[in-house]
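The values are calculated or read from the model by the stated rules, or taken from the named source; none is laboratory data. From a predicted model like this one, the values you see are computed outputs, not experimental measurements. Glycine gets a Cβ as well: all are built from the backbone with ideal geometry, and neighbour counts include every protein chain shown.
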Amino acid sequence: MLKQILANKLFMCKLAIPFILPNFEKDQIELCLWPLRSIILESKIQNGSFQDMSVECPCEIVSFVRIGRPSVSKSKLLNEILTDQYHNTFSNKDCPLGTLKRVISDGMVEAAWYIPSSKSSLLKNMTMFLNLRGDGITHTKQLSGVSQIADIVVVVVIINDLESKVFTDFLYNILESSKSVVVAIDAFQNNKTDVKQKLERFTKVIERYQQNINISILSVEGQVRSTSIIKSEMREAISGMMKANVEESLYKRVYKSKITTDEEDIVFRNAKQKAFAVLNGIPKDCVNLKEAVLPLQGETWASWSQKLKKSIKLRVTKICKKKFAVSAGRCTRGVFIQLVPVNMENSKFDYVLVIDTEGLRAPELAYQKHSHDNELATFVIGLGDITVVNIKGENTAEMKDVLQIAVHAFLRLKLTSEKLNLKQTCIFVHQNVPASDANDKMMQGRQKFVEVLDEMTKEAAEQENIADIQSFNQVIDFDSEKNVWYFSDLWHGDPPMAPANPGYSESVNNVKEAIMGRLTLGRNTYLTITDTTYRIEDLWNGILKDDFVFSFRNSLELKAYNNMDQQCQLITWKLEKYVLEYIKTDAKSKLVSCENEDALENAVPTIMLQLCKEVDKQVIDLNHELNSFVEKAL
C-alpha cells in the first residue's frame, strides 16, 4: 500500500516513478507493477475521454538509454521532450544534489507518462517513457528489459563508440526485433569533418535497417546545439516512428517479455488467491448474501431510509482507508465519511471523522428547489465541529445565501431541541487566488461579508423571538482574519501534464495544522462514537421536522415570505372580522324583525345575497391593499 501511495504522489507531482529495480540478493532485476496499479491515466479520445489503470492502458513505450558517458544529459533531454514548461520530471545534473555520486539508483529504470490533450499534442499517442540510470553497457539485464517492452529505443552515445562491437551488437539485437531506434549522437570533442566521416561509415553498417533508425546530432565541435532544435527533432523522430493504433498495454508487454515482476512474489500470490477465493464465494445474485451477512444493506436499511426521508439517496462505499472521489463536475453525490486515526503525541482524541459532501449550487441543479443544498449545508455544518467551505475564486455570494438559511435553521432547531450545540466553526478556503497579498486586499470584502451575516442573523433571531442573539459569530464561530485562507492554483500549467504546485500543498498543510490546533486547544471533552450517532440523529430529526425554512434561497426570501404571510393573515382576519360584524349587526337586526316563520325564510336569502355583495366589495378592497403592500416592498 505504501508503494502505491508513493507512486501516486510522484505521478501527481509529475516526477519519475521507480519501474525496474536491481535485486542484489538474487542477482536479477525486478519490475514493479503493483505500485503502478494505483495510477489512473485519463486522456482525450475522438468521441470523449477515457480512464484506465496505467498497467492496463494501451500506450507507446519509449526507452532512453546511454552508452558510455556523453556530455549531454540524457535525463535533461528527456525532460525537454516531455513538456514545454520547465519541470524536472527526471532528476539530472542540473537539479539540486544532481552531481552527487549514485549509491542505490545506478541501474534503476524510472518511468513517466506523456498524456496528450486538446491543448497540447506534442506526441500523437499516450506514451510511457523509461529512463535507465547509468551506463547501459554495465547494466545489461536492465538494458535488455527496457528494449524488450519498448516500441522505440533512444540511445544517447558518444560518436567514437558508434563503431564499437558492443554498441553494434546491442543495436542489431534491437533492430532485429522490429524495434525502432533513435541514435542521439554526442560529438562534443569532434569536428564536423570527423563527424561526417564517422556517420558515413556508421550508415553503411546499418544500411539494411535504414527504415527503423533515425539519427540526431546533439553536439559538435565543443558546442551543444539549440535545445529547441534538438527537442523538435527528437519529438518529430519519435512521432514518426509511432504506430497509428496502439493496442498493447504495459501488462501484456511485460507478460510477453517474461521479466520477473513484484507480483510474482509469494506474498502477492497468496493475497491474490485469497481474493479470488472470496470472490468465488459470492454468488452472482448477492441480494440473499447481503440479507444474511450485511443486513443493513438489505431491506432493513432500505425501509429505515424510506421511513426517515423518501428522497434520501445512499451509496455504500469503503469506510476503511476511503479515498474520496476527485474529478471535474459533481463526482461526489451525497455525503461520505472517513474515520481518520490521529497519531499526534499530545492529542486528546483518537480519531477525526472527516465528512465529504457534494458541491452546493451546482449549475445542473439551478432550476430545482434550494431545499436540497440548504438541508445538506445545515446538516454538515451542524454535525462537524469545524466545517471547511471550499469556494472557487473570491466570490462568496452563493455561500452567503446558504449560510443565512443555515443560521436561521440552527436558531429554529435550538428552539425545538436544547441538546443541539449551536457553536460550530466555519473555515473558508478560496481556491485559485494567486495574488500573494490577497489576504490584505480582501480585508474590506471580508468585513462587509461579516456585516451582512451579522445583520441577517439579528433579523432571523428577532423573527424567532430570540433576544440574546445579535451576531453571526454567536451561532457559527467565525473569525474573518483567522478563518479565511487563500490558495493558489493546484497545478503549474495546463493538465494533464502540469505538475502539482508545492505552494498549494503548503497551504493545505497550514490549514490542517490550524484545524488540528483548534480541535486540540478548543475543547476539553470530545465525542465518542455513540455521542456522534446521537448528534446525527438529533440533527437529522430536527431538520425533518422543521423543513419549511430550507425551501428559500436566502434569509431575504425567508423574510419576504414571513412579511407576506403576516400581511395575508391580517387581510384574512379583516375579511373574517367584517363578516362577523355584519352577522352580529345587519343580519341580526333583520332576523329579529321577522314576525313569523315565513318571513324568516324569506329574509335568509336576502341576507345571504347582501352578504355576498358586501364580501365581494371587501375582497376587491383587500386585493388592492395587498397589491399596494407588495409594490411598496419591492
Which of the residues spanning segment 620-629 are among the aliphatic types (A, V, I, L, M) and loosely packed, with under 13 Cβ neighbours inside 10 Å?
Ile620
Could you please find all residues in segment 89-110 being part of a loop (DSSP other than H, G, I, E, B) and surrounded by 18 or more Cβ atoms within 10 Å (Cβ to Cβ)?
Thr89, Phe90, Ser91, Gly107, Met108
Give me the residue from segment 202-228 that is exposed (fewer than 11 other Cβ atoms within 10 Å of the Cβ) and part of a helix (DSSP H, G or I) and, out of that set, farthest from the chain's Cα centre (by Cα).
Lys204
Does Lys124 count as over 34 Å from the mean Cα position of the chain (by Cα), on the phi < 0 side of the Ramachandran plot and basic (Lys, Arg)?
no
Which condition breaks for Ser144 when tested against (1) crowded, with 21+ Cβ neighbours inside 10 Å; (2) out of contact with any Ser or Thr (no Cβ under 6 Å at 6 or more places or on another chain)?
(1)
Filter segment 374-395 down to residues that are over 29 Å from Thr520 (Cα atoms) and either in a loop (DSSP other than H, G, I, E, B) or among the aromatic types (Phe, Trp, Tyr) (or both), then give me how many there are.
3
Single residue of segment 14-32 satisfying the filter (touching a helix residue (DSSP H, G or I) at 6+ places or on another chain (Cβ under 8 Å) and more than 16 Å from Ile104 (Cβ to Cβ)) that is surrounded by the fewest Cβ atoms within 10 Å (Cβ to Cβ):
Gln28
Of the residues in segment 248-301, how many are at pLDDT 75 or above and assigned to a loop (DSSP other than H, G, I, E, B)?
5
Would you check if there is a residue in segment 157-172 being modelled with pLDDT of 90 or more and not in a helix (DSSP H, G or I)?
yes
Return the pairs, sorted by first residue and then second, in which the second residue is among the polar types (S, T, N, Q), the first residue lies in segment 567-586 and is in contact (Cβ under 8 Å) with a residue 40 or more places away in the chain, the beta carbons are less than 6 Å apart, and the residues are 6+ apart or on different chains.
Leu575/Gln618; Tyr578/Gln618
Any chance Asp52 is part of a loop (DSSP other than H, G, I, E, B) and among the charged types (D, E, K, R)
no
If we scan segment 175-184, do we find a residue that is free of Cβ contacts under 8 Å to residues at least 60 places away in the same chain, exposed (fewer than 15 other Cβ atoms within 10 Å of the Cβ) and among the β-branched types (Val, Ile, Thr)?
no
Could you tell me whether any residue of segment 129-137 is in contact (Cβ under 8 Å) with a residue 12 or more places away in the chain, more than 33 Å from the chain's Cα centre (by Cα) and assigned to a loop (DSSP other than H, G, I, E, B)?
yes
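Taking the conditions exactly as written (in the same structural domain as Glu233 (by TED's automatic domain parsing), farther than 27 Å from Asp489 by Cα and touching a residue at least 60 places away in the same chain (Cβ under 8 Å)), does Ile17 satisfy them or not?
When the stated conditions are applied, Ile17 does not pass them.
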